[in-house]
Amino acid sequence: MSRTRSYGRKNLIISILFAVLIFILSIKLDPYNLGQLAVALMLFIGVLSIVLLTGASGQISLGQGALMAVGGFAAALAILNLGLSIWVAIILAVIAALLAGLLLGIAAARLSGPYLAGTTLVIALAIPSLATRFESVFGGDVGLNINFGNPPAWLSSLMGSVGYEQWQLLATLPFAVLALLFTSNILNSRTGRSWRALRDNEIASSLNGIDISQTKIFVFVISSGFAGLAGVLYGLRGIVGPSVYPISLSLMLLTGAVLGGIRSILGALIGSILVVFLPDVIDSIMKHFSPSEQVANYLPAMISSLLLILTVVLNPGGIAHGLHRTRRHL
Amino acid sequence: MEIFLSAIFSGTSRGAIYALAALGLVLVWRGAGVVNFAQMGQAMFTTYIASTLIGHHYSYWLAFIVALISGGILGAFVDLSVMRPLSRKRSSNFLDSPAMRSTIPVIASLGILGILQSGAGIFWAAEERGFPTPVNSLGLVIGGKTMPFTAFDLFVIGTVFITLVITTYFFKGTGMGLAMRASALNPEVARLSGIKIGSMRTLSWTISGVASSLAGLLVTPSANLSPSTLDLILIIGFTAAVVGGLDSLLGSVIGGFALGLLISFVNVYDTPEDIFLAILVVLLAVLLIRPQGLLGSKEVRRV
Amino acid sequence: MLEIKDLVTEYGSVKALNGVSLVAHVGKITTVIGANGAGKSTLLRTISALEQPRSGNISWNGKSIVGLSPEKIVRLGIAHVPEGHAVISQLSVEENISMGALFRMRSNKVDVKNAQQEMYQLFPRLEERKNQLAGSLSGGERQMLAISRALVSRPSLLLLDEPSLGLAPLIVEQIIQTINDLCRNTGLTVLLVEQNANTALSVADHGILLSLGSVVADLPAAQMKADVSLRAAYLGY
């Protein structure tokens, strides 16, 4: 019990440090990188949904992008049709994603491995296509316009003028911190241990009294809530539509999770920063070689795919695992 | 009636292609325990190779053969460079639970898909291209009447039929085919019988590569060629394979034709926008109601 | 001659074999008996390279075979019939038998055909059922098939793991007798693992008693059979 409590305190301290660090960055960075960092934080929440699902409980989902879309569309409809504030809409979006996750989880609890991967892949393709199908509601290919709005007056009076990108980052930050705190606490709890037991040995954990399908559904629901939260923040940058949540978004989350370390919260952070900033870094390096347009367009994707394969073959624990090992050797 | 017949014919010819895609998936699943999400990426890549050859004024048939051969080579390469090292990495604690052992290769195959798609983007600038047919693809005219099918439909169905006959003979009538079935069904007994199961795995990947490449060549004329055009075929092929039972070659072929007809009817009587939903409904229905599929065996299913 | 020296095999941190040494002479039946979990199956699995030993040596006709793959070991004339009537139930009886000779197909097609015929002479019931799926056979028939699958490769050393498991005494008698005849007539070397000590010792030339991964007795079969105290101590009867 006291062990759990000391973990809790440690998690709280880490979360506060994380918040302070991002806050400092929010003052230092230029608008472009502020926007990129905001995206990285949004994806961080999405990647955490994979750390919970795949890393902790061993289920795979290629459809997290679709759950992000559920969150985004739910919020957009609430804002545009009911005139709710973005904060209420965010809560509704998370609830909608939790419900979608419940439905999905009930189906997914009976599946594993490649079956689950294939089914969630189909879902990732099918859900955004609903937007085109019911164009009058979801705005078709164009999508629906929502945004973070203007920074509140008290913030501007506190910090001087707050740019839109800065406001995006600052509005995302509390959610990222909450997600971080929630994830680290649940992974260190009894619940988190029962998930890992499930991942490592289904039969043994069912003998130990863990209800397998109930646990799987529960993980799916929690993970979907995270994805929904990431999705609404991602959509609040301007547009909610099928092109905002393509299949490649789901794959990007998975790539981030694997590169950083699929079982690690630190890994999730490293991974999301990597997938967002790596293309920029590659771009800035390539400028010196003046590559053709097609190379410039596709090289980042090729490099991240290559890193993905190298990671699973050579170091399945990802960067976080590597860091951990290095620390032990030192 | 006219419309109904034409839906049947185009569904059959589409279904033949889906059957090939599903067959390719099942071959690798049975032979190597991996669902290869890169499969249609491989097919896309080899179709680009064919398209480039045709663009340089080589004959369709030469391009066709070269694409099939490169499909086989690509399949073998994927196995030797990624999947085999992965399957040998038993010591890692990330691979010690069954859940992760089946998940990690899926992630690897997505990485391969990413490389193939971005590679196609770099080599071929991701330009959308048409792709020719070897025979006419307008409604066939027999005795002055336009038939509800085209010469290309017949070509597709014929090619797939021949492929299925050859595949069946290979598996049922040759020692190599027996060795492949044995290693897929029971690797331990196969090894004790002196069968080199590693080579059999690579062979599964090779044959699957050829089959997928063929599916790509046959399906591309009706879509356009771009790095991601064949993603749809992957999920249709996957669904067809699950409908058939994922470990049954015959089941996957039946599943392919069933999906072909279904999609054709959705196309004609409903709207093409509903295709994804229809696929999702079929997939979920099969997985929830009859998870072993039409012909899959319960004991082998590793859900 | 099969010679095993100080063989250690581990599953994780558990030592299944803890320094086993033994010899199986050519043309003789050597039986390894012992209680459940004594390491009998692990011994055979290590010889046929399904498991890799931690240390120690295995040599066949004077050459070490440690580190070779199972596929290679079959080619050296060592055939293993694993525990549990190991056949492939989704393949036909005929396919199960041909499977065992596939690797010789290219080099000696005629002899492979002959070997297959010999299996049907050895176990005529298999010929009657040759087009049936192996999964539809009775337990005894499956064991006969598993043995045929191994013998069709014309091995000079046969590793036989608990052929009596779950079978009626009459069938066990028949199978053991067939192995015995084969050994006496063709000079086949047999390493027979059994929990059923009486049956095994009645045909074997030599007995080895394994307990908790170690050899506790290594005696001529007749002598071991007569040693009541030994059996009481390690086998419980």
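The values are calculated or read from the model by the stated rules, or taken from the named source; none is laboratory data. Here the structure is a predicted model, which means the values were calculated and not measured. So basically every Cβ, Gly included, is an ideal-geometry build from the backbone, and we count neighbours across all protein chains shown.
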Looking at this structure, is residue A:212 surrounded by fewer than 19 Cβ atoms within 10 Å (Cβ to Cβ) and under 20 Å from residue A:45 (Cβ atoms)? no
Right, residue A:216: assigned to a helix (DSSP H, G or I), modelled with pLDDT under 90, in contact with a Gly (Cβ under 7 Å, 6 or more places away or on another chain) and not hydroxyl-bearing (Ser, Thr, Tyr) or not? yes
When you scan region B:29-39, do you find a residue that is closer than 11 Å to residue B:249 by Cα and within 14 Å of chain A (Cβ to nearest Cβ), even just one? yes
Has region C:5-17 got at least one residue that is closer than 20 Å to residue C:150 by Cβ and of a type outside the set (Phe, Trp, Tyr)? no
Answer yes if at least one residue in region B:65-83 is more than 10 Å from chain A (Cβ to nearest Cβ), of a type in the set (Phe, Trp, Tyr), within 22 Å of residue B:219 (Cβ to Cβ) and surrounded by 13 or more Cβ atoms within 10 Å (Cβ to Cβ), and no otherwise. no
Cβ pairs under 7 Å, 6+ apart, first in region C:1-17 and touching a residue at least 24 places away in the same chain (Cβ under 8 Å), second outside any strand (DSSP E or B) and of a type in the set (A, V, I, L, M): C:1/C:26; C:17/C:43
Scanning region C:150-166 for residues that are assigned to a loop (DSSP other than H, G, I, E, B) and crowded, with 22+ Cβ neighbours inside 10 Å, the one nearest to the other protein chains (Cβ to nearest Cβ) turns out to be C:153
Out of all the residues in region C:21-38, which are buried (at least 24 other Cβ atoms within 10 Å of the Cβ) and either part of a loop (DSSP other than H, G, I, E, B) or touching a helix residue (DSSP H, G or I) at 6+ places or on another chain (Cβ under 7 Å) (or both)? C:29, C:31, C:32, C:33, C:34, C:38
Return the pairs, sorted by first residue and then second, in which the second residue is outside any helix (DSSP H, G or I) and not charged (D, E, K, R), the first residue lies in region A:304-319 and is facing another protein chain (nearest Cβ under 7 Å) and over 19 Å from residue B:113 (Cβ atoms), the beta carbons are less than 9 Å apart, and the residues are 6+ apart or on different chains. A:317/A:261; A:317/A:262; A:317/A:264; A:317/B:92; A:317/B:93; A:317/B:94
Top-ranked residue in region B:253-283 [being polar (S, T, N, Q) and within 16 Å of residue B:12 (Cβ to Cβ); ranked as nearest to the other protein chains (Cβ to nearest Cβ)]: B:267
So residue C:113 clears everything in (1) surrounded by 14 or more Cβ atoms within 10 Å (Cβ to Cβ); (2) more than 9 Å from every other protein chain (Cβ to nearest Cβ); (3) assigned to a helix (DSSP H, G or I) except one condition, right? Which one? (1)
List the residue pairs whose Cβ atoms are under 6 Å apart, where the first residue sits in region C:46-66 and is away from chain B (no Cβ under 14 Å) and over 21 Å from residue C:26 (Cβ atoms), the second is assigned to a strand (DSSP E or B) and among the basic types (Lys, Arg), and the two are 6 or more positions apart or on different chains. C:56/C:5
Kindly indicate which of B:159, B:133, B:150, B:167 is more than 14 Å from chain A (Cβ to nearest Cβ), surrounded by 16 or more Cβ atoms within 10 Å (Cβ to Cβ), among the polar types (S, T, N, Q) and in contact with a strand residue (DSSP E or B) (Cβ under 6 Å, 6 or more places away or on another chain). B:150
What are the pairs, 6+ residues apart or on separate chains, where a residue within region C:197-217 that is on the phi > 0 side of the Ramachandran plot has its Cβ under 9 Å from a residue that is in a strand (DSSP E or B) and at pLDDT 90 or above? C:212/C:18; C:213/C:8; C:213/C:9; C:213/C:16; C:213/C:17; C:213/C:18; C:213/C:19; C:213/C:20
Note: among A:72, A:58, A:46, just one is of a type outside the set (Ser, Thr, Tyr) and part of a loop (DSSP other than H, G, I, E, B), namely A:58
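Every residue, every condition in (1) outside any helix (DSSP H, G or I); (2) under 16 Å from the mean Cα position of the chain (by Cα); (3) within 14 Å of another protein chain (Cβ to nearest Cβ), yes or no:
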position: A:50; (1), (2), (3): no, yes, yes
position: A:93; (1), (2), (3): no, yes, no
position: A:114; (1), (2), (3): no, no, yes
position: A:122; (1), (2), (3): no, no, yes
position: A:128; (1), (2), (3): no, no, yes
Filter region A:284-308 for residues that are outside any loop (DSSP other than H, G, I, E, B) and in contact with a Leu (Cβ under 9 Å, 6 or more places away or on another chain); the one that is nearest to residue A:50 (Cα to Cα) is A:308
I'd like the residue in region C:68-94 that is within 17 Å of the chain's Cα centre (by Cα) and in a loop (DSSP other than H, G, I, E, B) and, out of all such residues, is nearest to the other protein chains (Cβ to nearest Cβ). C:86
Does residue C:43 qualify as being in contact (Cβ under 8 Å) with a residue 40 or more places away in the chain, within 14 Å of another protein chain (Cβ to nearest Cβ), among the hydrophobic types (A, V, I, L, M, F, W, C) and out of contact with any Asp or Glu (no Cβ under 8 Å at 6 or more places or on another chain)? no
Enumeration of residues in region A:219-244 that are assigned to a loop (DSSP other than H, G, I, E, B), within 14 Å of chain B (Cβ to nearest Cβ) and buried (at least 18 other Cβ atoms within 10 Å of the Cβ): A:242
Mind checking which residues of region A:96-105 are under 15 Å from residue B:285 (Cα atoms) and either in contact with a Leu (Cβ under 8 Å, 6 or more places away or on another chain) or facing chain B (nearest Cβ under 9 Å) (or both)? A:104
If you go through region A:141-156 one residue at a time, do you hit one that is within 14 Å of chain B (Cβ to nearest Cβ), of a type in the set (A, V, I, L, M, F, W, C) and on the phi < 0 side of the Ramachandran plot? no
Residue satisfying all of: in region A:254-290; surrounded by 14 or more Cβ atoms within 10 Å (Cβ to Cβ) and of a type in the set (S, T, N, Q); farthest from residue A:316 (Cα to Cα) among these: A:272
Please work out which residue is farthest from residue B:117 (Cα to Cα), limiting yourself to region B:223-232 and to residues that are more than 12 Å from chain A (Cβ to nearest Cβ) and in contact (Cβ under 8 Å) with a residue 40 or more places away in the chain. B:224
Quick check on my filter: what residues within region B:119-158 are among the β-branched types (Val, Ile, Thr) and over 14 Å from residue B:51 (Cα atoms)? B:122, B:135, B:141, B:142, B:146, B:150, B:156, B:157
Inside region C:167-225, the number of residues satisfying the requirement of being assigned to a helix (DSSP H, G or I), small (Gly, Ala, Ser) and surrounded by fewer than 19 Cβ atoms within 10 Å (Cβ to Cβ) is 2
